[in-house]
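Any read-out appearing in this document is the output of simple, stated calculations on the displayed coordinates, not a laboratory observation. Since we're looking at a predicted model, the values are computed, not measured. Glycine gets a Cβ as well: all are built from the backbone with ideal geometry, and neighbour counts include every protein chain shown.
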Amino acid sequence: MTFSPTDAAFEGFRLTRREPRMFIALALVYAVFSALLLVVTYQPLGEIMRAASQVSSGGEPDQAQVLSMMNAYGRLISITLLPSLIVNSVVQCAIMRAVLTPVPDRYSYLRLGKTELRVVAVNLLVGMMLGAIAIIGFGLAGVLIGFAVGGYPLLAIAALPIMLAVVAALIWVSVRLYLAVPMTVTEERIVVFGSFAATKDHFWPLLGMVLLAMLLSLAVSFLGSIVTAPLTALTGGLSVLETSAAISGPMIAALFVWIVVSAALSAAQLLILYPPMAVAWKSLKA
């Protein structure tokens, strides 16, 4: 099968037309997940938003507020990281199945089993690899900038190519590992480095496909935001957490609207971003 980056980038639209229930199912998954997460993270999220609002309005947070905000960020990340990985992996696996093995499915291909846990592991490993590259590379550039500020200005010149090299490395590794998820789903085992072999000699077509899919996703998100902006502006959306920590009827209504809108937009975006990776793997392995 011939691999067409442009054709693969538009697979999400074809999948949505073929499986319209999948959009509803994914939106429901994200709505329920967002609601549960909001209940659990209501306090730290509110603290962060109120502190950010104070800074944006020109107020100067004291050291205690800064420490409190950092602590809130830490709690927020520790609470949301693993559940977000699991939900994202469930959605990825569902979309992979819908593209790679399309059969009638009453649950819109949504599962939670060994395959999803394998994909969680793959996403963690890939994230750790990319994180290590970013930390080491940008850390080295930061050290050089620090020395430049301390009296060695020529070192700042060396920091720029290092940062550009880090960005290039992150893009290259991301594209070369792009097929790790669909390979893990189809081969029923954890596959990470096998993606390097599968993407050999296909870097530029894959990069073009990813960029086109991202542009399409951004366009859909932008149009969706325009349509839903009046409703969000009317209720206040998530910004209601900036004004008060007390729960009220209007606050619940505003958060409900935010959950529905963000869930729909998330489902629409991921139905554009994820199908191309399944099509690419299906084409390249043929």
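The residue list Phe33, Ala198, Pro250 was ranked by how far each Cα lies along the charge dipole of the chain toward its positive end, using unit charges on Cβ atoms, and Ala198 comes out on top.
In terms of surrounding Cβ atoms within a 10 Å radius of their Cβ, Tyr42, Tyr274, Tyr107 rank from fewest to most as Tyr107, Tyr42, Tyr274. The label-point distance for Leu231 and Ile190, in a model that sets each label 7 Å from Cα toward Cβ, rounds to 4.1 nm. Charge dipole (Cα centre; +1 on Lys/Arg Cβ, -1 on Asp/Glu Cβ; no other charges) of the chain amounts to roughly 840 debye. Please work out whether segment 86-134 counts as rounded, prolate or oblate from its C-alpha gyration tensor, where a ≥ b ≥ c are the square roots of the eigenvalues and a/c under 1.5 means rounded, while otherwise a/b larger than b/c means prolate and anything else oblate? Note, shape of segment 86-134 comes out prolate.
Structural descriptor for the chain: relative contact order 34 percent, calculated from alpha carbon pairs under 8 angstrom and at least 6 residues apart.
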